[in-house]
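First up is the structure itself, then whatever we jot down about it.
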Amino acid sequence: MDIFIKNIVDVLKVEVPLSEEEIEGFIEIPPDLEKGDYAFPCFAIAKQLRNAPAKISAELAQKLPTGGIITEIKAIGPYLNFYVSRKMIFKAVLDEVFTKSDSYGCSESGAGKTAVIDYSSPNIAKHLAVHHLRSAVIGNAIHNIYKTIGYKCIGINHLGDWGTQFGQLIVAFKRWGPDTKGHVSIKETGLDITKLNELYVKFHKEAKDNPSLENEARDWFKKLENGNEEAEKTWQYFKDISLSEFQRVYEKLGITFDSYAGESFYNNMLDDTVNRIKDAGLAEISEEALIVNLEEYDMPPCILRKKDDASLYATRDICAAEYRKREYDFNKLIYVVGSEQRLHFKQFFKVLELMGYEWVDDCVHVDFGLIKFKGGKMSTREGKVILLEDLLEESCKIAMEIIEGKNADLENKTEVANQVGIGAIIFSELSTKRVKDVLFDWDEILNFDGETGPYVQYTHARLCSVLRKCGETATNEVNFDLFKEDDELLLVKKLEFLQLTIIRAARHCEPSIISKYLLDLCSTFNRFYQHHRILIDDSELKKARILLIDSVRQVIKNGLSILGLKAPERM
Ligand code: ARG
């Protein structure tokens, strides 16, 4: 916690029946300065104290002591408002941003803890589609957020690379696929994901008339599970083809993983997991399948093994959770997966709980809504799947057109256009609360004046340009008494709020808290810049203001980087 918030929490905690963390979670910055620098909403404790919020705030304003950083405490309606020392806040915040630079915003609250984050996790042999984008982008941001608050983070791509469909694909490949004999590399066969999809579709078409194909497929999956060489080689081949496309897209997005241990990774650990479930007396046979009955908890059964003994998605997830606990001893295991899988997570978390694992309380399903496309370019109305790669390319193309129009002489145009194009998509995923559906609208996401990634990036580039024109580099050896303007105070308070914003984003696994913060910071800066100049004759004030806006530049850059966006210096 930074010193201003910490002071306020320390004062409040003597009288307020909440934990430090809870108090901190409620503190906000009032919209205008008359209402103080920080506020605590007393409806947060009205129920517990059985009193009206306005009464509580009036009483607390009387009781709580001022002094040091806090100069005044005033009740305004249900809010308790704190006023802090101007001189202290400018020096404390601007000094810190200046000395910490790229690491400003980091904190130690997660030091010594580990978070495992499962994100993107697409199924192989299929194209990455737009819904994989949300998981990848949200997961990557959460990964960065947790790292920033001191956690050791392990990002896992839990590839969907196991299951009966691979038996089907092997059958299709053997019957109708290209001849692989004599080829040394995948490329030579010309097989790609599109062709794998065609094989998959063909299998289902043919299997309608020829049901024996299904048995053949089951046999091949069995062979795969038992380590048959041909089955394994063919499956590996599908996997390599898929990964080469996936990695191309991840690279464009700037998204990385620490592990690609997918579902297949757990194949030879599944027996042990199932035995533990059996030993705990949780398993039973139903319609020849092995299940955990969850009727008591109002849920359909969790199926562990089909009648042919094949494992399922849930079996592999239970096994993976156990493995992750053994391997990483996590304090938090975060699954970034769409809301449509809510039941799946509830079911297998319940099984983990029934197995006696207390750490199931540290597992969270961080769910999210759908992406919907507004009509026009690339709408889904034609019934086509929108490929992620096409989407990214289109965005970069539009960004390039905009830059051509705005700043045709820009040196590294292609690089910047890519940073803006990709940034626009990432930011649009992260600027609404994750559980909400996202409406994807080209006109909106690339609007340089809207609530968009390009707007934040553009504000950053503008700050860089102003600083270049000043012809002086920022220094923290300034006279902090010279900051007298309200607009400056509003700005410095926003800067100070970065750390707490990140902590809150981590607490709720909600990157949109940071996007909102950045949009707010940009508009606070733009307001300041409308009314005040940097290039002025008063060289002392000029120096102080350079430090202030250099700090704004730094904070925007840090925030963008946590969300996974680049901050170009010229646009
Ligand atoms: N492969 C799954 C899908 O595409 C998502 C996997 C999410 N992670 C997990 N541990 N279940 O729907």
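At a glance:
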item: Failed criterion for Ser539 (all others in (1) closer than 24 Å to Ser107 by Cβ; (2) surrounded by fewer than 17 Cβ atoms within 10 Å (Cβ to Cβ) hold); result: (1)
item: Test for Ile142: is it surrounded by 17 or more Cβ atoms within 10 Å (Cβ to Cβ), within 11 Å of the ligand (Cβ to nearest atom) and of a type in the set (A, V, I, L, M); result: no
item: Test: Ser242 is among the polar types (S, T, N, Q) and either surrounded by 18 or more Cβ atoms within 10 Å (Cβ to Cβ) or over 29 Å from Ile142 (Cβ atoms) (or both); result: yes
item: Per-region count, the range 328-340, residues more than 11 Å from the ligand (Cβ to nearest atom), buried (at least 19 other Cβ atoms within 10 Å of the Cβ) and not charged (D, E, K, R); result: 1
item: Number of positions in the range 423-440 that are buried (at least 17 other Cβ atoms within 10 Å of the Cβ), closer than 23 Å to Tyr458 by Cα and of a type outside the set (Val, Ile, Thr); result: 8
item: Residue list for the range 500-511, filter: surrounded by 20 or more Cβ atoms within 10 Å (Cβ to Cβ) and in a helix (DSSP H, G or I); result: Leu500, Thr501, Ile502, Ile503, Ala505, Ala506
item: Output for the range 86-102, where each listed residue is open to solvent by less than 60 Å² (accessible area, probe 1.4 Å) and within 12 Å of Val555 (Cβ to Cβ); result: Val93, Leu94, Glu96, Val97, Ser101
item: Single residue of the range 347-366 satisfying the filter (β-branched (Val, Ile, Thr) and open to solvent by less than 30 Å² (accessible area, probe 1.4 Å)) that is nearest to the chain's Cα centre (by Cα); result: Val366
item: Flag if Ser551 is hydroxyl-bearing (Ser, Thr, Tyr) and surrounded by fewer than 21 Cβ atoms within 10 Å (Cβ to Cβ); result: no
item: The range 266-306, residues that are under 30 Å from Ser242 (Cα atoms), of a type outside the set (Lys, Arg) and touching a strand residue (DSSP E or B) at 6+ places or on another chain (Cβ under 9 Å); result: Tyr266, Asn267, Leu270, Thr273, Val274, Cys302, Ile303, Leu304
item: Test for Gly150: is it at pLDDT 95 or above, open to solvent by 20 Å² or more (accessible area, probe 1.4 Å) and either closer than 30 Å to Ala505 by Cα or within 12 Å of the ligand (Cβ to nearest atom) (or both); result: yes
item: Unique match (being surrounded by fewer than 22 Cβ atoms within 10 Å (Cβ to Cβ), of a type outside the set (D, E, K, R) and within 14 Å of the ligand (Cβ to nearest atom)) among Ala314, Ala320; result: Ala314
item: Hey, Ala58 surrounded by 15 or more Cβ atoms within 10 Å (Cβ to Cβ), part of a strand (DSSP E or B) and hydrophobic (A, V, I, L, M, F, W, C) or not; result: no
item: Close pairs from the range 159-177: first touching a residue at least 60 places away in the same chain (Cβ under 8 Å), partner of a type outside the set (Asp, Glu) and in a strand (DSSP E or B), Cβ under 6 Å, at least 6 apart; result: Gly160/Asn123
item: Some residue of the range 515-528 being surrounded by fewer than 22 Cβ atoms within 10 Å (Cβ to Cβ) and assigned to a loop (DSSP other than H, G, I, E, B); result: no
item: Pairs with Cβ under 8 Å, 6+ apart, first in the range 459-479 and farther than 13 Å from Leu548 by Cβ, second acidic (Asp, Glu) and open to solvent by 30 Å² or more (accessible area, probe 1.4 Å); result: His460/Glu569; Ala461/Glu569; Cys464/Glu569
item: Residue satisfying all of: in the range 108-124; open to solvent by 10 Å² or more (accessible area, probe 1.4 Å) and over 18 Å from the mean Cα position of the chain (by Cα); farthest from Ile503 (Cα to Cα) among these; result: Asn123
item: First in the range 95-117 and of a type in the set (D, E, K, R), second anywhere and crowded, with 19+ Cβ neighbours inside 10 Å, Cβ under 8 Å, 6 or more apart; result: Glu96/Tyr104; Asp102/Gln554; Asp102/Lys557; Asp102/Asn558; Glu108/Ile149; Lys113/Tyr151; Lys113/Lys332
item: Residues (at pLDDT below 85 and either surrounded by fewer than 16 Cβ atoms within 10 Å (Cβ to Cβ) or of a type in the set (D, E, K, R) (or both)) located in the range 373-416; result: Lys374, Gly375, Gly376, Lys377, Ser379, Thr380, Arg381, Glu382, Gly383, Lys384, Val385
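Conditions (1) touching a residue at least 12 places away in the same chain (Cβ under 8 Å); (2) part of a helix (DSSP H, G or I); (3) within 33 Å of the chain's Cα centre (by Cα), marked per residue:
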| position | (1), (2), (3) |
| --- | --- |
| His143 | yes, yes, yes |
| Gly150 | yes, no, yes |
| Ile154 | yes, no, yes |
| Lys205 | no, yes, no |
| Leu213 | yes, yes, no |
| Leu224 | yes, yes, no |
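To keep it simple, each residue is scored yes or no on (1) within 15 Å of the ligand (Cβ to nearest atom); (2) surrounded by 21 or more Cβ atoms within 10 Å (Cβ to Cβ); (3) closer than 26 Å to Leu370 by Cα.
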site: Val292; (1), (2), (3): no, yes, no
site: Cys302; (1), (2), (3): yes, yes, yes
site: Ala310; (1), (2), (3): no, no, no
site: Arg342; (1), (2), (3): yes, no, yes
site: Phe345; (1), (2), (3): yes, no, yes
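The values are calculated or read from the model by the stated rules, or taken from the named source; none is laboratory data. Source: prediction; values computed, not measured. Every residue, glycine among them, receives a Cβ derived from its backbone with ideal geometry; neighbour counts consider all protein chains shown. These accessible areas exclude ligands, DNA and RNA; they are computed on the full protein's heavy atoms, side chains included. Shrake-Rupley method; radii C 1.70, N 1.55, O 1.52, S 1.80 Å.
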